[in-house]
Structure formats: structure tokens, C-alpha cells
Amino acid sequence: MAEFERETDVVIAGAGAAGLAAAIKAADGGATVALLEASSTFRQGSNTSMSTSMIPVGGSRWQEEIGIDGDSPDILYQDIMTKTKGSADPVLARALVDVGRDLSEFLANDCEVPLELLTDAVFPGHTHKRHLCVHDRAGRTLHRHLLEAAEKRSNITMVVPLRLVDLIEIDDGWEVKAESPDGTNQEIITGSVVLATNGFGANAERVARHIPEVVDGLYFGGDHSLGDALEIGERLGADVGFLDAYQGHGSVATPHGVLITWTAMMNGAFLVNACGKRFGDETTGYSEFAVKVIAQPEAQAWMIYDKAVHEKALPFADYQQMVESGGIRWVEDVAGLASLIGCDEAAISATLEGIANFGSGTAVDPLGRTLWPHELESPFTAIKVTGALFHTQGGLRVNEHANVLREGKSIPGLYAAGGAATGISGNGASGYLSGNGLLGALGLGYLAGKAIGHG
């Protein structure tokens, strides 16, 4: 092969959580970093900025500070394996749960992200309150702190908009081919590459091919999640996996386009269809509920709850946006609920009566729900919601250092993180645990940056 002069130690494609974590960790280890981002609107339109900032960490100091001492990486690992019915990649799952405590300290200390422990609820599949987040539970706040941390490192050069379109293997590194929106091409010689361009949720053809069950649902993710890393990796002969895996969500308010936190569900809210009838156990998980909602008439459902649940949801910035927009209307009785939904009063009355009986223990929910924290009291609200695809959870197979694999062996100098890599959610939607997306993004980004920067 021809000899090339290296221009930077690492090129990182994608400035979401994964790319930023990789850039900061590599830079702190002494590497020079070129951080490329394809979208000029990534600060508002990336999957990181659209998230709720929640990162599951087992056995963190934040848990210890409030007396939660029974959690650990081992328990989080078991929760992942239980939720995925043993189908998650065990090497990757083990690596991510084990790096959690170091990752959280890196975020808090090195990146100056003001993390706190979310105590509003235990989310489906988790056995402990373990999610770390920023105060307003807004991914855009987390993203802003990571960007500010990257901007403080003089050995990180960020270029926006510039899209990585291809990679060529050369002696001791890579020739990166990149393209700007006006068609201008650039070539960069580097020792390592981190693909952190997310998954393929915005690629309709890929979604139809790999996860057809959600093709008719709303897409609620970044518009540049086009599968770039997957296509580049496939051209290089990289191993891929879990392409049917994704995170869905069953409670995006419509037509507002605002996520209504599943914290509401875990504190007593429930879903009904246009006929006023429930159609599943809402506490099994918000990801698998996407297709359940999509299967209802007009792909819509109604989330019903009271003021006590409302108070639990208020800390979330997205929910506050819904409140401020006037999207929550309160009614005093069952007749008002029926009017909001447009259903028969007798039907919603029977649903509420059944829920009261399930909560009191005088009846068993035939749909299997056992968590009814309190008896709902008027006033009530009903919010129209739809099911959505948030992001894909399959991609390039990586090892415990975030190295991309080819025929089971690592490709020297090539890494993937976040939606560009396989996740730890097994197959389909039902294996997704709350926070798995950010754990995979930040965790693999951190591990890649550590390997590149030798830090």
C-alpha cells in the first residue's frame, strides 16, 4: 500500500452522545481528534438531544448517597438478560454494565455534567432505582454539557456539516472520505475511526426491510439516522447483528409531537383505545407498547391519569412543554373523560371500575398488570398518543473495547458506538430496557475513546 501522512489520530463521525464521549475520552488520553457531524441542526435534532438523558448504572455513588446499597453491575446485567430472555450479546452487556461506574464519574467530573439519581419510578424490567440523569430530564441539556466539555479541549477539532461517506483501509490507519452538503469532497488520513452516526431509523427502506412491524408508526428520532455506519461497515465486510432490534415508544402525544414520560404509567396512568378499552399491561415496557398502540384504530390511544400522576411527570422538560402548550385538559368526571376521548361513557366507566378493583385486590387484571400505586381520583385528563420508532438497536458487531468485528476478529483502528453498533436489547422491541440507548452510546463511546487515547 502507498504511504500516507497522518493528519489526526482519530476521526469520529457523529457528534451525539457516543461521538462526544469518544472524542473527549480520546482527547484526554492525548489523541488529536477530528469530530465530523453531518447535520447542521444536530443540537436540536439528534437522538441524544431528543432523549430523556437517563443512563442506568448499577451500584453508583448516587445510589449509595441515598441508601440504595443492594444494586450492582451484576444485578443490572441480570436485568438485561432477563428482559431480553438471554438474547443480548453477553460480552457487550457485560462490558457496558461494568463500565457504568467509571462512565458516570467521567461524565460528572471530566465533562462536568450535573448528574442526579432519578427516584420518580422504577422503570419496566429494572429492579432498582438506578437511572442517572440531568435535572430537567432533557437530552438536549445533557448534550449541551457534552458539547461544552468538547469545546474546552484544544485537541478536538469539530467540523459541521461534514458527512463521512466511505473508508479505505491503508497501512497503519484509514483514508476517510467525507462530503459537505454542497458536494465538496474531503479526504483525511487517520490512525483510527469511530463510527457514531446512529442507526437507520430515518431510512424508510432499511426500516421496512429489517423491522416491518413498526414501518407504519411515527418516526421520532434524528433525521440523519440513515444507516451510514451500517452501509460503510457492510462494504468493509464487517459483522452485523440484531438488525430487527429497536426502541419504540407507546406515548408520543399527537398532534403535539411531545413525548409523555412512561413515569406516568409506572405511577398509575393507563392506556385505552378509541372505544375506551385497555389493550395490554402497560408496565411491561414502553418500547413494546409502540406496536400495540399502532395496532389500535387510527394507530392512536389515550393516556388517562390524575393530578397525583401529573405531579410525578412534572420534572420532565418534555412534559412541562406539553403543559405550557395547553395540551393537557382536566375533566371532573367520567362523562367528561368520555367526551374528551369520544367514546361511550359506559365503556370508560367500566374500565375505571375495573382498575379500581384491580388496585384494591378485589379482582385480577386479565391483561396481567399488578402495579396500581394508588386509586385514581378526579380530576382526570386524557392525552391522545401514538406509537413511534425512536431508534434502532442493531448494527455493527463490536467487542468489549468497541472495536468493530469482521469474521469475529477486530478490525484494527475501527470502532463503533451508539446506534451504529449492536445494542444490548436482544431482538425486536421487547428487550429494550429504559436507558439502554444512552448506556450503549456513552459507554461504547467512552470505551472507544479510552482505547484510542490509551487513557
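Coordinate-derived values only; no laboratory data. From a predicted model like this one, the values you see are computed outputs, not experimental measurements. Neighbour counts are summed over all protein chains in view; Cβ atoms, including those assigned to glycine, are modelled from backbone coordinates with ideal geometry.
Hey, what angle do you get for helix 90-105 against the long axis of the chain, alpha-carbon based, 0 to 90 degrees rounded to 10?
90
Rounded to the nearest whole Å³, what is the per residue volume of the convex hull around the Cα atoms of region 381-455?
In region 381-455, the Cα convex hull volume per residue is 106 Å³.
With angles folded into 0 to 90 degrees, how steeply does helix 17-28 sit against the dominant principal axis of the chain? Use alpha carbons for both and round to 10.
40
Calculate how large, on average over all directions, the projected area of the Cα convex hull of region 185-236 is; give the answer in nm² to one decimal.
Seen from a random direction, the Cα hull of region 185-236 projects 4.7 nm² on average.
Express the C-alpha Rg of the chain as a ratio against the empirical globular expectation 2.2 N^0.38 Å, rounded to two decimals.
0.99
Using 1/(1 + (r/R0)^6) with R0 = 25 angstrom and r between the beta carbons of Ser349 and Glu298, what's the FRET efficiency to the nearest 0.05?
That gives a FRET efficiency of 0.65.
How big is the C-alpha Rg of region 296-370 next to the rule-of-thumb value 2.2 N^0.38 Å, as a ratio?
After normalising by residue count via 2.2 N^0.38 Å, the value is 1.27.
By a straight-distance test (C-alpha under 20 Å), which aspartates and glutamates pair with Lys409 as possible cross-link partners, with residues fewer than eight away in the same chain excluded?
Asp89, Glu169, Asp171, Asp172, Glu231, Glu234, Asp239, Glu400
What 222 nm value per residue comes from the helices of the chain, counting each DSSP H run with n ≥ 4 as -39,500 (n - 2.57) and dividing by all residues, nearest 500 deg cm²/dmol?
-9000 deg cm²/dmol
Which percentage, to the nearest 5, of the DSSP beta bridges contained in the chain is antiparallel?
Percent antiparallel among DSSP bridges in the chain is about 70.
Taking the Kirkwood radius as the inverse of the mean 1/r across Cα pairs, report the Rg/Rh of region 74-153.
1.02
Size of region 246-388 along its principal axes in angstrom, Cα-based, largest extent first?
37, 34, 28
Relative to the first principal axis of the alpha-carbon coordinates of the chain, what is the inclination of helix 73-83, with its axis defined by its Cα atoms, in degrees from 0 to 90 and to the nearest 10?
Orientation of helix 73-83: about 60 degrees from the principal axis.
Pairs to check: Lys25/Lys152; Lys277/Lys384; Lys25/Lys177. Give those whose C-alpha atoms are more than 19 Å from each other in this structure.
Exceeds cut-off: Lys25/Lys177.
Based on the mean of other beta carbon atoms within 10 Å per residue, what is the order of 147-156, 272-281, 389-398, most packed first?
Result, highest mean Cβ count within 10 Å first: 389-398, 272-281, 147-156.
If you wrap region 71-212's Cα atoms in a convex hull and average its projection over all directions, what's the area in nm²?
One quarter of the hull surface, i.e. the mean projection, equals 12.4 nm².
Using just the C-alpha positions of region 1-138 as equal point scatterers, what log10 of I(q)/I(0) does the Debye formula give at each q in 0.12, 0.18 1/Å?
The calculated log intensity ratios at q = 0.12, 0.18 Å⁻¹ are -0.59, -1.14.
Compute the length gained on full extension between Val165 and Lys85: take 0.36 nm times their separation in residues and subtract their Cα-Cα distance, giving the result in nm to one decimal.
Roughly 25.2 nm would be gained on extension.
May I have the convex hull volume per residue, in Å³, for the Cα set of region 5-83?
Output value, Cα hull per residue: 161 Å³.
Mind computing the radius of gyration and Dmax over the alpha-carbon atoms of region 322-455? Å is fine for both.
23.4, 66
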